[in-house]
Amino acid sequence: MLPPQPYALETPPFPFRALAALAAKAPLGGARETALATLIASRLIVGALAPLSLPAPARRQRADAAKVWLSAVALPAPVRTAIARLVELSASDDLESIAQGVTKVTEVTAPYLDRHARLELERLAARLGE
């Protein structure tokens, strides 16, 4: 492996490795769909945080597209409600409300997610609370 070049950009870390891995390896059905929907909602939330901080119109467009996708996914009712709310919150600037939404998603998806995936969501909620 070559060392990084002095002019190269640093590779940004991916904050949801466990969620992505769980979505990839879970059997078809509730667990996989829940992990995938949680991953997508979490990635939308990161768009509201520094250093990325996407503009509000871009976050609204992303949230609208995610809602269309979410309407076609088979999710348990409590999970669908919490994730739909989080997707909607991803377009707002109210980080406290977004953190509460992440906490709610963590609670309702706990039966479907492993410990590492839940930890990633808890880290996201903590980052929003800073």
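Things worth noting here:
- Projecting the Cα atoms of SER90, GLN100, SER71 onto the charge dipole of region 45-111 (Cβ charges, centred on the Cα centre) puts SER71 farthest toward the positive pole.
- Modelled label positions at ARG17 and ASP94, each set 7 Å beyond Cα in the direction of Cβ, lie 3.5 nm from each other.
- Helical runs assigned H by DSSP (4 residues or longer) give the chain a calculated mean residue ellipticity at 222 nm of -21000 deg cm²/dmol, each run adding -39500 (n - 2.57) before division by the residue total.
- Cα lying deepest toward the dipole's positive end in the chain, options ALA24, ALA126, ALA50, charges on Cβ: ALA24
- Inter-probe distance in nm under a simple model that places probes 7 Å from Cα toward Cβ, at ASP64 and GLU107: 3.1
- Neighbour counting of Cβ atoms within 10 Å sorts the residues VAL68, VAL105, VAL79, VAL46, fewest neighbours leading, into VAL68, VAL46, VAL79, VAL105.
- Estimated inter-spin distance, ALA126 and LEU9, nm [label 7 Å along Cα→Cβ]: 2.8
Computed from the coordinates by the stated procedures, all read-outs in this text should not be read as laboratory data. Because the structure is a prediction, the values reported are computed rather than measured. FYI the Cβ positions are ideal-geometry reconstructions off the backbone, even for glycines, and counts take in every protein chain you see.
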